[in-house]
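To keep things clear, I will list the structure first and then write my remarks on it.
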Amino acid sequence: MDAMEEELKCPVCGSLFKEPIILPCSHNVCLACARNIIVQTPEGETPPQNRCSSDYDYLDMDKMSMYSETDSGYGSYTPCLKSPNGVRVFPPVHRHCSITCPLCHRSVSLEERGLRGFQRNRLLEAIVSRYQQSRAASVKCQLCDRNPVDATVMCEQCDVFYCAPCQQRCHPSRGPLAKHRLLPPTPAQAGTASARRQVTCVDHEAENYSMYCVSCQTPVCYQCLEEGKHGKHDVKPLAAMWKQHKCQLSQALNGVSDKAKEAKEFLVQLKNLLQQIQENGVEFEACLVAQCDALIEALTRQRAKLLTKVTKEKESKLKTVKDQITHCTMKLRQTTGMMEFCLEVIKENDPSGFLQISDALIKRVLASQEQWVRSALEPKVCPEFALTVNTDPLMQSILQLDFSQNKAETSTVPPAPLLQLEKCCMRNNSATLAWRITTVQALPVEGYVLELDDGNSGPYREVYVGKETICTVDGLHFNSSYNARVKAYNSAGVGAYSKVVVLKTSDVAWFTFDPTSAHRDIVLSNENQTVTCNSYDDRVVLGTAAFSKGVHYWELSVDRYDNHPDPAFGVARINTMKDMMLGKDDKAWAMYVDNNRSWFMHNNSHTNRAEGGITKGSSVGILLDLTKHTLTFFINKQQHGPVAFENLEGVFMPAVSLNRNVQVTLITGLEVPKSNK
């Protein structure tokens, strides 16, 4: 519990809390300290920011408030008071009293009840009491003649504490004493045996707390509800809110506990980093000395300068890491203390007392968790030394030999990036790639170039150029394998390529209707898989997928079919007309069908009438074969008519046109039919 001690100290006196009260800002102060920070001003004037100069008046005033329910303790009264030097003082009749939180500096005016209007933090008192008992002096042996030593056992039957020598001499474990039970000695736990007493309402001392006012965030009794003060507020059972807030605090603690664990691991990493820097520094110095000795007199004059720079570099790194360790250790200690305090709070069985501070604790825990998120748990320096020595130059160049300030100042192209496979993923016909520079202390990088081939082992082409280290490429071919690579560049030039990663797109297409390109009369639902229309005229909607190679098959299920309309199904360019039947312009290829027959249509040309139509529950299939460059239609799993269109080239999108009498649902991810009529 040592790490929790700071949580148990009053911000005013710096000692453990005594009779703590809860301020409106959720911070705590001792009751006696609260009296010392009260500020008084005559009524009508702005209260000063510093405390009142005379202490005796408000101290006595607060004492008087304990004897009168009608007297606020800080309002009008006329008794004569005495200062510490015996001079009689008559305080002003009308006084304005306020108290300022020493932590957040938020001021609040005292009400008629004075300091008694602030709730007592019983949970904090109990935790402070347990903390003091845990630090109590150890139990001494009761049989030592002189200078009693710490007891090692206690006989449960004899109720006597023994040290080891006295136990062997006076209470051996043999004969009739062998049946006695010896226990480890523990300090007395005063007050722990007493049952938890019911807490009564501050305003109605005869009533126990039974409800919790969510609006006021305070426990209340039934009489508080009947009097109307909390009558219209959101009130919930005390036990339910107690369990709910305990659950919230526990969940918040889980999050900050994970961050504390990461911080501990980070501290281990930093300590290892110290050792690495020490070892690398020693190794670098030894190497440098050997090189300098080989260059005889000329290098001897430069050796001292070079060693000085190495030492400065090492000391700079060590100082940076030590400062980071100190900062992280302090933050971790604060977090650990808060966690232990919260765990002690959770152990309490006082619902009303818990709810008095639970909101503030939850906010603190969440804020602490956010701080760990914002804090980059990465070393600020690397263990390697960015210093190089070249012994090849001629002797006249030795006197000019010096370290480069850092690797960033050298005119070197960036190394090959490393593709992070754990962050790379494929979804449908889209690929997301992520990469990073491999060196710890990276060279300056101005940007990256991502390249993909054509999905058929063809030449590479640039798909992204920029500073980001993650990129998503859309519109790839389905059922294809792409090779991807990335390189970095800076002012010195272009670096090497990364290793090639192979990306495999989905075997079949999964897509929905596209609300962004649909006509405004189109109505989409079911996560953009079901479509109908508000108009009696035909309106067009496209799919989200675009095809330029491969074989693709999808279906549309007819959910509603009224008054024998003739919806059209097929493919289209992205810029096809959206306010007329599909196929009436030269950018769409479709089959329109009613309940008896169908026609193929492109550029308003109607061909190949076929008998057989659709009804509610029918399915219409579209087979787009861009290997053969053909489009074929199916009704209820059977090919309908001949091959509808041939010699299709370019990019095509699934398309439908319908009016308000029809509703269809898109079904994707289907395999190509094995046999076609």
When only residues in segment 261-290 that are within 29 Å of R301 (Cα to Cα) and surrounded by 16 or more Cβ atoms within 10 Å (Cβ to Cβ) count, which is modelled with the highest pLDDT?
I277
If I ask for residues that are open to solvent by 20 Å² or more (accessible area, probe 1.4 Å) and within 22 Å of W510 (Cβ to Cβ), which ones from segment 556-589 would you list?
S557, D559, R573, I574
When you scan segment 626-677, how many residues do you find that are closer than 17 Å to T607 by Cα and without any contact (Cβ under 8 Å) to a residue 40 or more places away in the chain?
6
If you check I398 against the conditions, is it at pLDDT 70 or above and surrounded by 14 or more Cβ atoms within 10 Å (Cβ to Cβ)?
no
Within segment 546-553, does at least one residue satisfy the condition of being modelled with pLDDT of 95 or more, of a type outside the set (A, V, I, L, M, F, W, C) and under 50 Å from the mean Cα position of the chain (by Cα)?
no
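Restricting attention to segment 96-103, does a residue exist that is at pLDDT 80 or above and open to solvent by 50 Å² or more (accessible area, probe 1.4 Å)?
Taking segment 96-103 and keeping what is at pLDDT 80 or above, we get 97-103.
Among the residues that remain, those that are also open to solvent by 50 Å² or more (accessible area, probe 1.4 Å) are: 103.
Yes: segment 96-103 contains one or more residues that are at pLDDT 80 or above and open to solvent by 50 Å² or more (accessible area, probe 1.4 Å).
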Count of segment 479-514 residues which are open to solvent by 60 Å² or more (accessible area, probe 1.4 Å) and touching a Ser or Thr at 6+ places or on another chain (Cβ under 9 Å)
5
Inside segment 452-528, counting only strands (runs of 3 or more DSSP E) that do not spill past its ends, which hold 1 or more residues that are farther than 24 Å from G621 by Cα?
461-466, 470-473, 481-490, 501-504
When S548 is evaluated against the numbered criteria (1) under 19 Å from L631 (Cα atoms); (2) crowded, with 17+ Cβ neighbours inside 10 Å, which criterion, by number, is the only one it fails?
(2)
Residue ranges of strands (runs of 3 or more DSSP E) in segment 142-235 with at least 3 members open to solvent by less than 100 Å² (accessible area, probe 1.4 Å), over 30 Å from L123 (Cβ atoms) and modelled with pLDDT of 80 or more:
153-155, 160-162
If I go through segment 295-345 residue by residue, how many of them are closer than 30 Å to L387 by Cβ, open to solvent by less than 60 Å² (accessible area, probe 1.4 Å), of a type in the set (S, T, N, Q) and at pLDDT 85 or above?
2
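Quick one: in segment 525-535, of everything that is on the phi < 0 side of the Ramachandran plot and open to solvent by 40 Å² or more (accessible area, probe 1.4 Å), which residue is farthest from the chain's Cα centre (by Cα)?
The first filter runs over segment 525-535 and keeps only residues on the phi < 0 side of the Ramachandran plot, leaving 525, 529-535.
When the remaining residues are screened for being open to solvent by 40 Å² or more (accessible area, probe 1.4 Å), the result is 525, 529, 534.
On the way: S525: 33, Q529: 33, N534: 44 Å.
Step by step, filter segment 525-535, then rank; the result is N534.
The values are calculated or read from the model by the stated rules, or taken from the named source; none is laboratory data. Since this is a predicted model, take the numbers as computed values, not measurements. Cβ: placed from backbone, ideal geometry, glycine included. Neighbour counts: every protein chain shown. Heads up: the accessible areas ignore ligands, DNA and RNA and are worked out on the full protein's heavy atoms, side chains in. Shrake-Rupley method; radii C 1.70, N 1.55, O 1.52, S 1.80 Å.
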